[in-house]
Amino acid sequence: MIITKDFVVLNLPKTGSTFTRNVLKTLYKVDKRSIFEKALYKFHIVTPKFQELILPNIKMPNRRPDQHGTYSQIPQQYLNRVIVSTIRDPYSRFLSTYKFKAWANPNQLEVPKSILDVHFPSFPDLNMDDYVDLNKHAEKIRINTIDEALNNLDIGTQTIQFVQMFFKDPKVALSKLNDDYINSGAFKADMGEMKFLRQEHLNDDLIQFLLNHGFDKSDIDFINHKKKLNITDYNVDDVNKLWTQKGIDYVSYRERYLLQMLNHFGVTYKAPKLQNL
């Protein structure tokens, strides 16, 4: 989570959040702070214009504190500021996460080894359909971590994470989750007031957002020439061929509430078409 004097940034993983954080650190010259400045900030003599909060990971409590703080973790004194984050096409994000393969890192495992040994003996060598099944196990683990009473929820990890990131009381919101709650727009009352940038044109959205918050165009021109960070290195056409019908159906159904919520904000994403037939 990033706190500035004008806005708060929530870092939703795999949406361009690393790029945004790096841009802001450059603008606020975080890496060029003198020892004197750091001392003033450390002893709370001066409030810095840029703060990065490393907070407990309430999405995955068994993980270390990290930079992906949620709306419900924003300190009360900053809730009156504009709160911004980035959203991404759930289909693209699912495919990128599969290809990026952070889920295969022993330090990032969500599914216990006992389940992997039984259901995924070839782990981490998983095809798209295997990865769908892995996500179904991860869903239940995430939901049970929040409240075992929610175990009947039939939703994907992206929907769970979206609610955890952007709702005032994620547990309450998840307990209400159904078609009427989403389609009626009632969910908005339980959600924090958010400004969303879109990953697919993040440079333009970020530049416009910063212009609206007092930055000069000359200060932010570098954004259009800045190298992307933490991206999955692939040819789009080749990777799109990884899609299977099972993978598309999984995202379409399990992330249906997320897709519907985004649609309420005027953002519509369509299922990809198979290219490997």
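Sorted on the mean count of surrounding Cβ atoms within 10 Å across their residues, most packed first, peptides 181-188, 52-59 read 52-59, 181-188. As a proxy for reagent exposure, ranking 146, 160 by other Cβ atoms within 10 Å from fewest up yields 146, 160. Between the beta carbons of residue 54 and residue 275, assuming R0 = 30 Å, the FRET efficiency works out to 0.15 to the nearest 0.05. For the residue pairs 241/270; 49/226; 99/140; 188/273; 25/195; 14/140, the C-alpha atoms sit more than 26 angstrom apart in 188/273. Largest GNM mean-square fluctuation among 195, 241, 176, using the chain with Cα springs under 10 Å: 241. Here's how it looks for residue 82: its modeled amide H is under 5 Å from those of 8, which are all 5 or more places away or on a different chain.
Normalised by the residues of region 2-264, what does the relative contact order come to in percent, with Cα pairs under 8 Å and at least six apart? Reported as a whole number, the value is 26 percent.
Counting other Cβ atoms within 10 Å as a rough exposure proxy, the listed residues 243, 103 run 103, 243 from fewest neighbours to most. Which residues' amide hydrogens lie under 5 Å from the amide hydrogen of residue 197, considering only partners 5 or more residues apart or on another chain, with H built in the peptide plane? So residue 197 has HN proximity to 85, 86, 87. For region 144-235, count all C-alpha to C-alpha pairs, find those more than 20 Å apart, and express that count as a whole percent of the total. Of all Cα-Cα pairs in region 144-235, 55 percent lie more than 20 Å apart.
Arranged by the count of other C-beta atoms within 10 angstrom, fewest first, what order do 8, 267, 163 take? Working shown, then result.
Working: 8 24, 267 15, 163 27.
In order of increasing Cβ crowding within 10 Å: 267, 8, 163.
Since every read-out is calculated from the coordinates, none of them should be taken as a lab result. What you see is a predicted model; the values in this text were computed from it and never measured. So basically every Cβ, Gly included, is an ideal-geometry build from the backbone, and we count neighbours across all protein chains shown.
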